[in-house]
Amino acid sequence: MTTPTRNSIFHRSHAIIGMVHVDALPGAPASARAVREIAARALAEARLLHEAGFDGLILENMHDRPYINAPHGPQTTAAMTAIACRIRDAMDLVMGIQILSRGEREALGVALACDAQFIRCENFVYAHIADEGFLPDAAAGPLLRYRREIVAEHIKVFCDIKKKHASHAITTDITLTDAAHTAEFFGADGLIVTGAFTGSPTDPADLQQVRQATTLPVLVGSGVTSDQVPGLFRHADALIVGSSIKHDGIWSNPIDPARCRTLIQAADSARGNTSSRA
């Protein structure tokens with residue numbers, strides 16, 4: 001029998017969340033497909049995750065590189081909404097939305113339209129210097145006011161602390177513990193700990209530090225492999241998996257069903273040997 005996690009979105013205390021990286025959307029440099037085709041491919045990958053036993057998915061526009069900061073064009077929000085609704089109509093799987101970069105407001109609007117349960121926000125607290133440029137403002141204040149304005153407070157905000165693909169020189173005196181305390185104080189619903197880049201392992205010491213600093217759900221946001229699952233589950237309530245479930249372990253490749261099964265087998269084994277958190 002499974003035990004509910006700290007956040008009731010997931011129905012067990014150690015959840016596995018898969019990434020669905022939608023094809024480049026209209027207006028992005030690599031855009032090559034109609035929204036209907038993009039939605040069909042995303043749905044096929046969502047079904048693979050569901051069939052393999054994943055507890056949820058995050059829909060993200062990672063193929064829209066190079067990223068630009070919000071506000072994003074209406075075509076991005078419209079396309080993500082169409083894709084997310086196509087998946088929601090086909091299955092009842094926990095879904096999160098992320099729109100890169102600084103697209104937390106757009107993501108919240110998409111989540112409300114498609115009945116998703118959460119969004120991922122990379123700049124919830126503190127300023128960042130990211131590969132797409134300077135992110136000078138923390139999102140927490142405007143985002144949570146917007147969430148209240150559109151009556152979307154049932155949608156959770158999971159936020160990265162010390163986001164990946166960014167320099168933290170301007171906040172070098174802010175520890176992970178400090179960042180976790182600030183994010184919790186500012187109203188985050190969960191904290192995401194990552195490595196330095198997409199696919200980079202998350203340092204178990206960083207994860208433990210954040211776990212000890214907060215009562216919120218703690219998620220791992222990068223570099224999860226089958227071998228790492230047992231150790232990560234010691235301190236994490238959920239693991240977000242992208243690169244390692246793709247063919248050859250490359251994030252930009254399609255999802256590999258065999259890699260998905262291997263990861264879920266590792267998670268099931270770890271759950272049997274890991275005490276659940278209520």
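I'd like to know if the range 229-251 contains one or more residues that are of a type in the set (Ser, Thr, Tyr) and in a loop (DSSP other than H, G, I, E, B).
First pass over the range 229-251, keeping only residues of a type in the set (Ser, Thr, Tyr): 243-244.
Adding the requirement that they be in a loop (DSSP other than H, G, I, E, B) leaves none.
Checking the range 229-251: not a single residue is of a type in the set (Ser, Thr, Tyr) and in a loop (DSSP other than H, G, I, E, B).
The rows are residues; the columns are (1) free of Cβ contacts under 8 Å to residues at least 12 places away in the same chain; (2) over 20 Å from MET80 (Cβ atoms); (3) not small (Gly, Ala, Ser).
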| residue | (1), (2), (3) |
| --- | --- |
| MET91 | no, no, yes |
| LEU108 | no, no, yes |
| ALA111 | no, no, no |
| ALA130 | no, yes, no |
| GLY133 | no, yes, no |
| CYS159 | no, no, yes |
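Conditions tested, residue by residue: (1) in contact with a Leu (Cβ under 9 Å, 6 or more places away or on another chain); (2) modelled with pLDDT under 95; (3) acidic (Asp, Glu); (4) crowded, with 23+ Cβ neighbours inside 10 Å.
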site: ASP178; (1), (2), (3), (4): no, yes, yes, no
site: ILE192; (1), (2), (3), (4): yes, no, no, yes
site: ASP206; (1), (2), (3), (4): yes, yes, yes, no
site: TRP251; (1), (2), (3), (4): no, yes, no, no
Item to check | Among (1) at pLDDT 95 or above; (2) out of contact with any Cys (no Cβ under 9 Å at 6 or more places or on another chain); (3) surrounded by 19 or more Cβ atoms within 10 Å (Cβ to Cβ) - the single one GLY242 does not satisfy | outcome: (1)
Next on the checklist: Looking at the range 140-160, can you tell me whether even one residue there is modelled with pLDDT under 95 and either exposed (fewer than 15 other Cβ atoms within 10 Å of the Cβ) or not in a strand (DSSP E or B) (or both)?
Outcome noted: no
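Just need a number here: residues in the range 68-107 that are outside any helix (DSSP H, G or I) and in contact with a Ser or Thr (Cβ under 8 Å, 6 or more places away or on another chain).
First, pick out the residues of the range 68-107 that are outside any helix (DSSP H, G or I): 68-73, 91-103.
Still in the list and also in contact with a Ser or Thr (Cβ under 8 Å, 6 or more places away or on another chain): 68-70, 99, 103.
Number of matching residues: 5.
With the requirement that a residue be in a helix (DSSP H, G or I) and either surrounded by fewer than 16 Cβ atoms within 10 Å (Cβ to Cβ) or of a type outside the set (D, E, K, R) (or both), what does the range 180-190 give you?
Of the residues in the range 180-190, the ones in a helix (DSSP H, G or I) are 180-185.
Once the filter is applied, which keeps residues that are in a helix (DSSP H, G or I) and either surrounded by fewer than 16 Cβ atoms within 10 Å (Cβ to Cβ) or of a type outside the set (D, E, K, R) (or both), the range 180-190 yields ALA180, HIS181, THR182, ALA183, PHE185.
Look through the range 219-231, keep the residues that are of a type outside the set (S, T, N, Q) and over 20 Å from HIS128 (Cβ atoms), and return whichever of them is surrounded by the most Cβ atoms within 10 Å (Cβ to Cβ). Write out each step before concluding.
Looking only at the range 219-231, we keep the residues that are of a type outside the set (S, T, N, Q), and these are 219-221, 223-224, 227, 229-231.
Applying the additional criterion that residues be over 20 Å from HIS128 (Cβ atoms) yields 224, 227, 229-231.
Details: VAL224: 27, ASP227: 10, VAL229: 25, PRO230: 15, GLY231: 13.
Among those residues, the one meeting the criterion is VAL224.
Determine whether LEU49 is under 21 Å from LEU25 (Cβ atoms), in a strand (DSSP E or B) and under 18 Å from the mean Cα position of the chain (by Cα). Steps first, answer last, please.
On the way: under 21 Å from LEU25 (Cβ atoms): yes; in a strand (DSSP E or B): no; under 18 Å from the mean Cα position of the chain (by Cα): yes.
Answer is no for this residue.
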Item to check | Members of the range 53-95 found to be of a type in the set (Asp, Glu) and either crowded, with 20+ Cβ neighbours inside 10 Å or at pLDDT 95 or above (or both), listed by number | outcome: ASP55, GLU60, ASP64, ASP89
Item to check | ILE16 in contact with a Phe, Trp or Tyr (Cβ under 8 Å, 6 or more places away or on another chain), touching a residue at least 24 places away in the same chain (Cβ under 8 Å) and crowded, with 18+ Cβ neighbours inside 10 Å | outcome: yes
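The values are calculated or read from the model by the stated rules, or taken from the named source; none is laboratory data. Bear in mind the structure is a predicted one, so any value in this text is a computation, not a measurement. Positions of Cβ are generated from backbone atoms using ideal geometry, with glycine treated the same way; all protein chains shown enter the neighbour counts.
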